[in-house]
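Have a look at the structure below before the remarks.
Here, each number is a calculation from the coordinates, and none is a lab measurement. The shown structure was predicted, so the numbers you read here are calculated from the model rather than taken from an experiment. When we count neighbours, we look across all protein chains shown, and the Cβ atoms used for this are built from the backbone with ideal geometry, even at glycine.
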Amino acid sequence: MNIRADLFVATWPDAPRYEACLRRGEEPPFSDVHVSGHTTGLEFGTLWAILEQQPRDPERHMLVDLSPEEGGDTWLNEFPGRLTELLAALDDKDAEVALVRWAATEELQCDPGDLRPGLTTLRSLARSALRQGKAVFLWGSI
């Protein structure tokens, strides 16, 4: 199964336009867009728990589901404000600690270096979102 996952910064009213642009073959009109590969809301929820230094709580550490239909082949999630704040405030030293723990999780089981570029981008997107008064969104498709 091939998963595409894109991260971008937008306002809530604009975020659903992302998929519509892709379907029309247009470049989405957002300045901060990153194709993250295959990371889903589950992995980002796990990262959130790691950043809070708490066990993952599936009711708390979840991105907000804004998908237009349940069970479809695409989804739209919003990063909650608290997660965005944690990512924006993450310094390099703490980011390295989080990377090691995140890479060792059951969902990922990979080399921390494989996740470093994505986390660096995510930190940048979070900072951009906070500066602009916007949010970070995850759009994905199967």
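Scanning region 17-35 for residues that are assigned to a loop (DSSP other than H, G, I, E, B), without any contact (Cβ under 8 Å) to a residue 12 or more places away in the chain and either surrounded by 11 or more Cβ atoms within 10 Å (Cβ to Cβ) or small (Gly, Ala, Ser) (or both) yields one hit, Gly25.
Pick out the one residue from Gly118, Gly41, Gly72, Gly45 that is loosely packed, with under 13 Cβ neighbours inside 10 Å and small (Gly, Ala, Ser).
Gly72
So, in region 129-142, of the ones that are more than 19 Å from Leu76 (Cα to Cα) and touching an Asp or Glu at 6+ places or on another chain (Cβ under 9 Å), which residue ends up surrounded by the most Cβ atoms within 10 Å (Cβ to Cβ)? The selected residue is Leu130.
Can you pull out the helices (runs of 4 or more DSSP H) entirely within region 63-142 that have at least 3 residues that are without any contact (Cβ under 8 Å) to a residue 24 or more places away in the chain?
Hits in region 63-142: 92-103, 112-132.
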